Each structure stands twice: as structure tokens, then as C-alpha cells.
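*Asks:* Here you go, one structure.
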Amino acid sequence: MATEIERVNRRREARAAKLRTIARFIPVLKTFKPAAYLLAASWEKQLRKNTALAMVRGNKPPGAVRDRAEMGIAILRTITRAIIEDRLSPPTVQKLLKVLIGDAIVREGEIPIREAFRNLYGVRPPGFMLISPTKKCNLYCLGCYADSDRTEIKLSWPVLERLVAEVKKLWGARFLVFSGGEPLLYEDQGQTIMDLVEKHDDIFFLMYTNGTLIDEKMARRMAQSGNIMPAVSVEGLREATDKRRGRGVFDRILQAFEHLRREKVFYGISMTATRDNAEEIFSDRVIDFFFREQGVHFAWVFQYMPIGRAFTLDLLPSPEQRLRLYQRAWELVYNRHIFLIDFWNSGTATHGCISAGRSGGYLVVNWDGTVTPCVFVPYSPVNIYEIYSQGKNLNDVWADPFFGDIRQWQREYGYGKNMAADGPVKNWIRPCPMRDHFEDLYKLLTRHRPRPIDDNAAEALADPEYYRELVEYDRRVAALLDPVWEENYLKSQAGGSQKPG
């Protein structure tokens, strides 16, 4: 008799197979648009049906089940519109449906490999990896979390190649993220990031980039590969972007958008919310400019973290701003069906923190080989060069006790908990151990003593004022957001129409 895991895996395989079938008929669906809309509507109807059943079972907070479904619907509608409006190149359509949606999201990776990992370690493997292949950048942005500059520090091509190969072979992952530095500046042994993307066409890549190196030729290469989605960094509109990134950068970004739009790449934006721009970035003016006028398909939003170059707690969005950002982010997802993911406020859809190699989550490998639990937790217990020199692999990195203790913290906080059997989970609106629970993370940092990846991280860790102010900030945020979690997520009844906010 099949186990529940086997039944779930069979359903995932069947849905992915259906997507592959749909992908073959895209030319017909683009010609006969009513059929395309009907097909998308049927998928949305099934998703809502599954959501209602999940809420009745009561295993997860009902509000979180609803958020996860609405995020899925926003992604579905975004891709459907882009295909029907002929805004994506044929290779991009195929890779979006087969690799990103089918393999990475629906199947959650290569199922036999995932199950082999589960049999070995008792949990599912990470879902992806973030690699910062180079520290080098052609800009010098204020408050850069990576403290990037023109320094030529980079991963060697053989190590970069091996990382991608092991993500597939050991974790079964079909999604990978590039950050930086500026990834498009990476070059080693005559090889570039786009060479890697083209070689591994069974992986879908998300690349955070400043956009200034995306010319017509680069955009065409992305469109032809089809398996990369660039997220171009902006701070809002021209004034805010140029203030942080340098005069004239915004206009260069608009030129990049023009190239990406013409070549029909699946591109988006990345924004950082600070105390200075928190009221602007989700405004109708900003959202309409990028999504309607510039044709972006998605937005990734991060809230300022007090790490990196010239770090300061003064730029943290205030607790009140965080509440407004939370309300507005989900309003845009629920009401306008915009593909917008906020690294904190979307924690309800991801069931909390995804760092430290959590099941379905990720680890970070930096330009010098340091491995950290998250881009915003700049402390490394291991170095990939040392791991490989010892004949070990990514699974040995994953098994490091520092990462393991963070995953244990995530479980105790509520990830993987069955509410029907184990009781309520803690607040996924403030899921981050670094920024929302620094008192807890500091204990783990003290216990394991991972190495700070730069002088900024060392300075922050040694500063008692930094600790005191961040812990106090966490308490103020909790006082404001915990009642929202209780009311909107734990008390909300299955089948209700209440939305976050």
C-alpha cells in the first residue's frame, strides 16, 4: 500500500507531466486565447479547491494556507498573461513551464534524489542554492549588504561548476540564484555566468543584477537560453535609485528594460525597503511605473538589514512601517495578482525562515568560498574550498552543526509543525532569526563561533550597542505584529474571506 509521501509524489509527477503537455501546445493556445484563459482558470480553480481542503484539515495556520495559494495564483496569472500577450520568447515559455513551474515548484526538484536524501537524513533537502560568484561590482552603492567593490575576488570556474552539479546530483534541485557583487562581471578561465546558464539548461536561474551591463546582445542571449530571470535592483524611481546607486544609473536601467522587453525575457525588479523609502516603493506610482510602463513581470523586495557597508540600525524600517509594508504587499498580491515576494512579509507563504538549508530552503556560497546560512547572516562555519580539499561535498556542508542548530530553531518556531496535533506555530510575519530574533541567533553564534565573513560582520558581533538596539527593535516589532498574526492567521476560520491587513 502506497504511503502518503508516495501518493504526494505521484500527484506532483502527474501535474508536472500535464505542464509539459501544455508547453507543447503553447503555439496553439497563443492563437486561440479563450482556450488559454480557460486552461489557466481550471488550474486556479483546482488550486482554490486544494486550499479549501487544506484549511479544513487544519494542519497549517489558515491564513498562511490562504497566503500561499494567493501567491501561487499571482504567479500563475503573471505567466499566463505574459504568454498570451506574446511577451516571452519561445525558449523562455518552455523553460518557465517545464523547469521553473514543473520541475522546481510542482515537483520540488528531482523526486528520486529528494527521497534518497530524505532516507539518509530524515528530512527533504534544500530546494536551491544562492551563489555570489564574484565580489566585484561596477557600482558602489550606499549600504551594500555584500560590501562589493572593484576587488577581483571570485570563485574559480571548477568550483562554480561543481557547486551547480552537486546541487542537482545531491539535492535534486532545479533552481539556483546568483547574487553578488555583479554576477555579469564574473569571468574565469574564459567562462562567464551565461556560459554556466546555457550549459545547465535543466536549471532555472534567478539573477540579481544592477542591470547596467544588460545590452542588446546580453538580453538576446538570455532570451535564447530561456532559463534565466534577471531581477534588476532599483530603490524606487529615479531620485531614490540614483541617490543610492549613482547618478545616471536609473536611465541605464531603463535602457536595460528596453532590451529585455524587446527580446522577451522574463525579467523583474529587486527593491530594498528602508526607513527612508518604505512609504514609496509600494505606492501605486512606483508599482504602475514598473509593471505597466516598463513591463516587468515580478518584484523581489527585501527590507534593509544592518549588515555590510556602513551598516546602521537607523535605516531599518520602523515597526509601524513594517506593518504597512506587510499590509500593502499582500494587498498587491490578493487584489492585483502581482507576482511580488517580500523576503519577510512573504514568510507566511514559505512557512517561515528558509535559511541554513531548511527543507525547500537554501544555503549561500560566497565569492571566497565561505558558506553562510543566508545572505543576511554573514557568519560562516565552513569554506567550500576546504570542504572539497578534504574529499567532502555539499551534504557535508549542510550537516554542519551551526546550520543544523538553525534548522532546529526553525522547527521549534513552527516549520513543519502539524497544528492539528502539535498546537499553534509562532509568528511567520517576523520569521528572521537575524533581524527578528537576534537574541536567539546570538546564542547560536556564541555557541558555534562561525567566522564573520568581513570586518563589518565582526564589528557588529562585537558591538554591545548593536546587540542591545537590535533586541529592543525585535521586541517593538513583536508587540505590533504578534496580535496581527494571532488575529489574521490563527483565529481566521477556514473558508473565510479575510485578507491580511
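*Asks:* Are there any pairs with C-beta distances below 9 angstrom linking a residue in the range 242-253 that is modelled with pLDDT of 80 or more to a residue that is polar (S, T, N, Q) and not in a loop (DSSP other than H, G, I, E, B), with the two at least 6 apart or on different chains, and if so which?
*Replies:* Arg245/Ser233; Val249/Thr241; Phe250/Thr241; Ile253/Ser233; Ile253/Thr241
*Asks:* Of all the residues that make up the range 409-445, how many are out of contact with any helix residue (DSSP H, G or I) (no Cβ under 7 Å at 6 or more places or on another chain), charged (D, E, K, R) and open to solvent by 10 Å² or more (accessible area, probe 1.4 Å)?
*Replies:* Matching residues across the range 409-445 total 5.
*Asks:* If I ask for residues that are in a helix (DSSP H, G or I) and over 22 Å from the mean Cα position of the chain (by Cα), which ones from the range 186-218 would you list? Please lay out each step first, then the result.
*Replies:* Within the range 186-218, the first condition is being in a helix (DSSP H, G or I), and the residues that meet it are 193-199, 216-218.
Result: Asp195, Lys199, Glu216, Lys217, Met218.
*Asks:* Could you check Lys392 against (1) among the basic types (Lys, Arg); (2) modelled with pLDDT under 95; (3) out of contact with any Asp or Glu (no Cβ under 8 Å at 6 or more places or on another chain) and say which number it fails?
*Replies:* (2)
*Asks:* Another one. Tell me, which residue of the range 323-347 that is modelled with pLDDT under 95 and not in a strand (DSSP E or B) is nearest to Arg435 (Cα to Cα)?
*Replies:* Trp344
*Asks:* Using the structure shown, decide if Arg285 is more than 19 Å from the chain's Cα centre (by Cα), part of a loop (DSSP other than H, G, I, E, B), more than 30 Å from Asp474 (Cα to Cα) and among the basic types (Lys, Arg).
*Replies:* no
*Asks:* Testing Glu13 on (1) crowded, with 19+ Cβ neighbours inside 10 Å; (2) touching a residue at least 60 places away in the same chain (Cβ under 8 Å); (3) in a helix (DSSP H, G or I); (4) not polar (S, T, N, Q), one condition comes back false. Which one is that?
*Replies:* For Glu13, the failing item is (1).
*Asks:* If you don't mind, there's one more thing I want to ask. Give me the pairs, please: first residue somewhere in the range 262-279 and farther than 20 Å from Pro90 by Cβ, second residue anywhere and of a type in the set (S, T, N, Q) and open to solvent by less than 10 Å² (accessible area, probe 1.4 Å), beta-carbon distance under 9 Å, and either six or more positions apart or on two chains.
*Replies:* Between residues of the range 262-279 that are farther than 20 Å from Pro90 by Cβ and residues that are of a type in the set (S, T, N, Q) and open to solvent by less than 10 Å² (accessible area, probe 1.4 Å), the close pairs are Ser270/Thr209; Thr272/Gln303; Ala273/Gln303; Thr274/Gln303; Ala278/Gln303.
*Asks:* In addition: Phe302 fails exactly one of the following numbered conditions: (1) surrounded by 17 or more Cβ atoms within 10 Å (Cβ to Cβ); (2) touching a helix residue (DSSP H, G or I) at 6+ places or on another chain (Cβ under 8 Å); (3) not in a loop (DSSP other than H, G, I, E, B). What is the number of that condition?
*Replies:* (2)
*Asks:* Condition check: at pLDDT 90 or above, more than 21 Å from the chain's Cα centre (by Cα) and of a type outside the set (Gly, Ala, Ser). Does Asn427 satisfy that?
*Replies:* Numbers: at pLDDT 90 or above: yes; more than 21 Å from the chain's Cα centre (by Cα): no; of a type outside the set (Gly, Ala, Ser): yes.
In short, no.
*Asks:* If a residue must be under 22 Å from the mean Cα position of the chain (by Cα) and touching a residue at least 12 places away in the same chain (Cβ under 8 Å), how many such residues does the range 406-423 contain?
*Replies:* 8
A quick yes/no check of all residues on (1) surrounded by fewer than 16 Cβ atoms within 10 Å (Cβ to Cβ); (2) at pLDDT 95 or above; (3) out of contact with any Lys or Arg (no Cβ under 6 Å at 6 or more places or on another chain); (4) more than 26 Å from Asp342 (Cβ to Cβ):
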{"position": "Arg447", "(1), (2), (3), (4)": "yes, yes, yes, yes"}
{"position": "Pro450", "(1), (2), (3), (4)": "no, yes, yes, yes"}
{"position": "Asp463", "(1), (2), (3), (4)": "yes, no, yes, yes"}
{"position": "Arg476", "(1), (2), (3), (4)": "yes, yes, yes, no"}
{"position": "Leu481", "(1), (2), (3), (4)": "no, yes, no, no"}
{"position": "Gln498", "(1), (2), (3), (4)": "yes, no, yes, no"}
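*Asks:* I need the full set of residues from the range 55-113 which are under 28 Å from Ile26 (Cβ atoms), open to solvent by less than 20 Å² (accessible area, probe 1.4 Å) and assigned to a loop (DSSP other than H, G, I, E, B), in order please.
*Replies:* Of everything in the range 55-113, those that are under 28 Å from Ile26 (Cβ atoms), open to solvent by less than 20 Å² (accessible area, probe 1.4 Å) and assigned to a loop (DSSP other than H, G, I, E, B) turn out to be Leu88, Ser89, Arg107, Gly109.
*Asks:* Just give me the residues in the range 347-377 being in contact with an Asp or Glu (Cβ under 7 Å, 6 or more places away or on another chain) and open to solvent by 10 Å² or more (accessible area, probe 1.4 Å), in sequence order.
*Replies:* Answer for the range 347-377, where residues must be in contact with an Asp or Glu (Cβ under 7 Å, 6 or more places away or on another chain) and open to solvent by 10 Å² or more (accessible area, probe 1.4 Å): Ala349, Gly360.
The values are calculated or read from the model by the stated rules, or taken from the named source; none is laboratory data. The structure displayed is predicted, hence computed values, not measured ones. Because the Cβ atoms are built from the backbone with ideal geometry, glycine has one as well, and the counts that use them run over all protein chains shown. Please note that ligands, DNA and RNA were not included when accessible areas were found on the heavy atoms of the full protein model with its side chains. Shrake-Rupley method; radii C 1.70, N 1.55, O 1.52, S 1.80 Å.
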